Amino acid sequence: MRRTRNPAAVRRPAALGSALAAVLVLGGCGAEVESDGKEAGKVTVKRCGEPVEYSVPQRAVAYEGGSADKLFALGLTDHVYGYVMPPANPPVSESPWASEYARVKMLSDDLLNKEVVVEAKSDFVVAGWNSGFKDERGITPEILDKLGIQSFMHTESCFNYPGHPERMRPFDALYTDLERLGRIFRVEEKAAEVVAGLKERVAKVRAKAPKGDPVPVFLYDSGTDQPFTAGNQVPPDDIIGTAGGRNVFSGLDERWTQVNWESVAEAEPEVVVILDYGDQPAQKKIDFLKKSPHTRGLPAVKKDNFFILDYNEGISGPRNIDGLEKFAAYLRDLER
């Protein structure tokens, strides 16, 4: 997905010192919080490849739709204080969990930063590595650990996490996140139920996938001089492959990455998947591909074979499976 190449300047409120103190107090008493008898104490769960002790969070902050959706899918709305939703994310009113978003606070429509988390007196932050958490913006799990604020990273983003990398297929990473969050919040049975449902839907799609040579597919995220696309470490690679296609850049051991138009042309994709941002409509990207000398001759463009994948269906979250089902139906109806 689009990288945050021009991050907004981090704001430092005058009241930061007192807010930090409040969070430290909150972090110190986190293990004592109980909403029922089974939530006492701590449990050890992996954060990427690092075993971390967690007490049950009561004021979680989620960054982007994928993080919030995971918590809402597990029935954890009462444990969520708020969310940070940058402009790229489509309106939360379009979410299957719109009613849950309405019950919690929108904390910012900018990028995740430490000040927002501290001001919220949060005891738990969910985000991805190098998207929500980022050294350059001064918010990392290590920094939050020192403030007594727990954190959790999407396993899909962990393959190059410094010191504690972890690697697995994107759908497996989604299931793992739900199971780990289930342990952290002591809702293991609910997590198992949600994961089983997602796996069943994936199995049905795989069983119906078209036979024969997989359809070559190019995912267009953004970029005009050079395109951003999906490597093999992000959900669209599993979406495309499970549905019966072949991500033409599946050989890249990357998440969201930059390539060149020459390699796109050489791949001769028969379908282009457009990642649809809230602030960068899909139609503008389609218009560009139809006009650009680099892409107007591609088989997919000449045949008008465009599939629009919603932003929250492309980042790690339960809506990945919604995107899979829609794309699979598209491929089954595709004339080659």
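The values are calculated or read from the model by the stated rules, or taken from the named source; none is laboratory data. This one's a predicted model, so the numbers in the text were calculated from it and none came from an experiment. Note: ideal-geometry Cβ built from the backbone for every residue, glycine included; neighbour counts use all protein chains shown.
Numbers for the structure displayed
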| read-out | value |
| --- | --- |
| Of all residues in segment 269-327 being within 23 Å of Glu200 (Cβ to Cβ), of a type in the set (A, V, I, L, M) and part of a helix (DSSP H, G or I), the one that is nearest to the chain's Cα centre (by Cα) | Ile321 |
| Lone unmet requirement of (1) surrounded by 23 or more Cβ atoms within 10 Å (Cβ to Cβ); (2) in a helix (DSSP H, G or I); (3) not assigned by TED's automatic domain parsing to the domain that holds Ser95 for Leu219 | (2) |
| Test for Phe152: is it under 20 Å from the mean Cα position of the chain (by Cα), at pLDDT below 95 and assigned by TED's automatic domain parsing to the domain that holds Ala88 | no |
| Residues within segment 271-288 that are in contact with a helix residue (DSSP H, G or I) (Cβ under 8 Å, 6 or more places away or on another chain) and closer than 20 Å to Gly231 by Cβ, tallied | 7 |
| Evaluation of Glu335 against (1) over 29 Å from Val92 (Cβ atoms); (2) modelled with pLDDT of 95 or more (one fails), failing number | (2) |
| From the options Ser93, Ser67, residue that is under 15 Å from the mean Cα position of the chain (by Cα) and either modelled with pLDDT under 95 or in a helix (DSSP H, G or I) (or both) | Ser67 |
| Subset tally (residues that are among the polar types (S, T, N, Q), more than 21 Å from Gln233 (Cβ to Cβ) and surrounded by fewer than 24 Cβ atoms within 10 Å (Cβ to Cβ)) for segment 111-130 | 1 |
| Evaluation of Asn247 against (1) more than 28 Å from Gly66 (Cα to Cα); (2) buried (at least 21 other Cβ atoms within 10 Å of the Cβ) (one fails), failing number | (1) |
| Pairs, first within 14 Å of Tyr175 (Cα to Cα) in segment 198-215, second in a loop (DSSP other than H, G, I, E, B), C-beta under 9 Å, six or more apart | Leu198/Pro318 |
| Filtered residue count, segment 131-158, keeping only those that are in contact with a strand residue (DSSP E or B) (Cβ under 9 Å, 6 or more places away or on another chain) and assigned to a loop (DSSP other than H, G, I, E, B) | 6 |
